[in-house]
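Peer 1: My questions will all concern the structure given below.
Values in this text are rule-based calculations from the coordinates and carry no lab data. No experiment lies behind these values; they were computed from the predicted model shown. Here the Cβ positions follow ideal geometry from the backbone for every residue, glycine too, while neighbour counts run over all protein chains shown.
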Amino acid sequence: MPQNHSSSDRQYWIDTARAIGDPMYDACESGELYKRFPADNRPIKKDYGYLEVTGRFISGIAPWIELPSDNSEEGRLRVAYAEKTRQVLEAISNPDSPDCVRWSENPDNNDGRQPLVDASYVALALIRAPRELIEKLDSSTKENLIHQFNVSKKILPGHNNWLLFGAMLDAALHLLGGDWDKMRVDLAIRKHMDWYVGDGLYSDGDCYHWDYYNSYVIHPYLVDLVRILENQEKRWAALKERIFARAQRHAEILERLISPEGTIPPIGRSLTYRFGALQGLSQMALLRKLPDMLEPAQVRGAITAVIKRMMDAPDTFDENGWLQIGFCGHQPALAERYMSQGSQYICANAFLALGLPESDPFWADPPAPWTSRKIYSGQDLPAELALEKRKQ
């Protein structure tokens, strides 16, 4: 991890993303992902950690590499990483590659359905960078991805946020020119409309859980599904405004959860996803859909503060540069049974706003205090209302 942070928040995000992802890219470039990815004692790692570390990272970096190339140093870097990412897609999907990952269910593993989850993150990367990760793919890699996505689609999802994973695979299959199932997409969207509990929050299935899954999965997946597929079904288009309004409110909540010191509450499952908990906030910034009360620069400052707080913790990386399991440092006891060392790489989805050009106000505006800093400094702000109250 770089010790001398640039004064530029954008450069810091890029440097941090590279520090997290480069061991994976280097391993795939050498055909040594299986050799280099660190072993741990969790059974799930043996089968699925490799798909996790690749898919989860590239889903977060995809909007950045999708930016148009230019002659700047960063522009040239994006071109290089776009090519690296296409090489990763070829490596993990080609059956003849030494780094081809497992896309199928393993009935002998208690978490054998995991490929449905992580194949969807690969699909999410394609959707977020269609020019670089679909149009520029060679035909054989496209065919391999279509095949592997269909392999993962055979896995039966749970009656919860997992419905969105299958729907995302179908969305990517549609963009790749493969056969796709509109009914799976429709079921995932309609069930989540049923599971809405109010004020920008969905339950995860029939019961509400106080955790960050609204940001890890539910809002980002719903937003990207209706954004990409709204023209395929009138009722999906009709739901887009409602889905975006709820996602905006959730982004507002996430921003308010960031303390003046740059911490977020360690509540709920999957805490070792670290600042991946802020994916929903970064996504709204990327799409320029932040709520009116949030200045882009204050969101940049808030997210940056959390990333720095977590990344500066001792033992965040192992001796070879791979992320270790933990929320703030190395904390393996925080991890649930379904976690592997590759699971942590979902944190890259906090970097979605790198897909905004450097000239965007998110990056160009001077630093601004985020909400909790304003309030704790004594600033008087308007009273907060629930989303549904604002409509009355």
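Peer 1: Given an 8 Å cut-off on Cα distances and at least 6 residues of separation, report the relative contact order of the stretch 9-390 as a percent.
Peer 2: 22 percent
Peer 1: Points 7 angstrom from Cα along the Cβ direction at residue 196 and residue 210: gap in nanometres?
Peer 2: Label-label distance for residue 196 and residue 210, simple model: 2.4 nm.
Peer 1: Using r as the Cβ-Cβ distance of residue 18 and residue 263, and R0 as 30 Å, what FRET efficiency do you calculate, to the nearest 0.05?
Peer 2: 0.80
Peer 1: Determine, from the Cβ-Cβ distance of residue 320 and residue 104 and an R0 of 25 Å, the FRET efficiency 1/(1 + (r/R0)^6), rounded to the nearest 0.05.
Peer 2: That gives a FRET efficiency of 0.30.
Peer 1: Just how far, in whole angstrom, is the stretch 69-99 from the stretch 234-295 if you go by their alpha carbon centroids?
Peer 2: What the calculation gives is 28 Å, centre to centre.
Peer 1: Name the residues whose placed amide hydrogens come within less than 5 Å of the amide hydrogen of residue 202, ignoring near sequence neighbours (fewer than 5 apart) on the same chain.
Peer 2: Amide H neighbours of residue 202, under 5 Å, 5+ apart: 197.
Peer 1: Okay, moving on. Dipole size in debye (nearest 20) for the chain around its Cα centre, Lys and Arg Cβ +1, Asp and Glu Cβ -1?
Peer 2: I would put it at about 900 debye.
Peer 1: Rg over Rh of the chain, using C-alpha atoms and the Kirkwood radius, what does it come to?
Peer 2: Ratio value, two decimals: 0.94.
Peer 1: Residues in the stretch 297-329 near a label at residue 375, defined as backbone nitrogen under 17 Å from the 7 Å Cα→Cβ point?
Peer 2: 298-299, 302-303
Peer 1: Still on this structure, please answer the following. Arrange 134, 58 by Cβ neighbour counts within 10 Å, fewest through most, would you?
Peer 2: If I rank by nearby Cβ atoms, fewest first, I get 134, 58.
Peer 1: Also, quick follow-up: So how much slack lies between residue 131 and residue 313, counting 0.36 nm per residue of separation and subtracting their Cα-Cα distance, in nm?
Peer 2: Going from the current span to full extension adds 61.9 nm.
Peer 1: Moving on. Run the simple label-point estimate for residue 139 and residue 245 please: 7 Å along Cα→C-beta, distance reported in nm.
Peer 2: About 4.7 nm separates the two model spin labels.
Peer 1: Sort 32, 90 so that the residue with the fewest other Cβ atoms within 10 Å of its own Cβ comes first and the one with the most comes last.
Peer 2: 32, 90
Peer 1: While we're on this one: Per residue of the chain, what 222 nm ellipticity follows from adding -39500 (n - 2.57) for every DSSP H run with n ≥ 4, rounded to the nearest 500?
Peer 2: Per the formula, -16500 deg cm²/dmol.
Peer 1: Using only Cα atoms, locate the centre of the stretch 130-201 and the centre of the stretch 313-386, then give the distance between them in Å, rounded to an integer.
Peer 2: Measuring centre to centre over Cα atoms gives 26 Å.
Peer 1: List the trypsin sites (Lys or Arg not before Pro) in the stretch 329-392 that DSSP assigns to loop (not H, G, I, E or B) and whose Cβ has at most 13 other Cβ atoms within 10 Å. Which are they?
Peer 2: Counting only loop positions with at most 13 other Cβ atoms within 10 Å, the trypsin sites (Lys or Arg not before Pro) in the stretch 329-392 are 337, 391.
Peer 1: For residue 330, what charge total do you get from the other residues with a beta carbon under 11 Å from its beta carbon, if Lys and Arg give +1 and Asp and Glu give -1?
Peer 2: Neighbourhood net charge equals -2.
Peer 1: Apply the a/c threshold of 1.5 to the C-alpha gyration tensor of the stretch 298-392 and tell me whether it is rounded, prolate or oblate.
Peer 2: prolate
Peer 1: Something else about it: Give the shape of the stretch 81-175 as rounded, prolate or oblate, defined through the alpha-carbon gyration tensor: a ≥ b ≥ c are the square roots of its eigenvalues, a/c under 1.5 means rounded, and otherwise the shape is prolate if a/b is larger than b/c and oblate if not.
Peer 2: oblate
Peer 1: Based on the Cβ-Cβ distance from residue 87 to residue 364, what FRET efficiency comes out when R0 is 45 Å, to the nearest 0.05?
Peer 2: 0.90
Peer 1: Taking each pair of different alpha-carbon atoms in the stretch 126-183 once, compute 1/r for the pair, average those values, and report the inverse of that mean as the Kirkwood hydrodynamic radius in Å to one decimal.
Peer 2: 11.9 Å
Peer 1: When you count, for each residue, the other Cβ atoms within 10 Å and take the mean per peptide, how do 212-218, 47-53 rank with the highest first?
Peer 2: 47-53, 212-218
Peer 1: For a quick check: sort 149, 244 by the number of other beta carbons within 10 angstrom, fewest at the front.
Peer 2: Listed from fewest to most nearby Cβ atoms, that is 244, 149.
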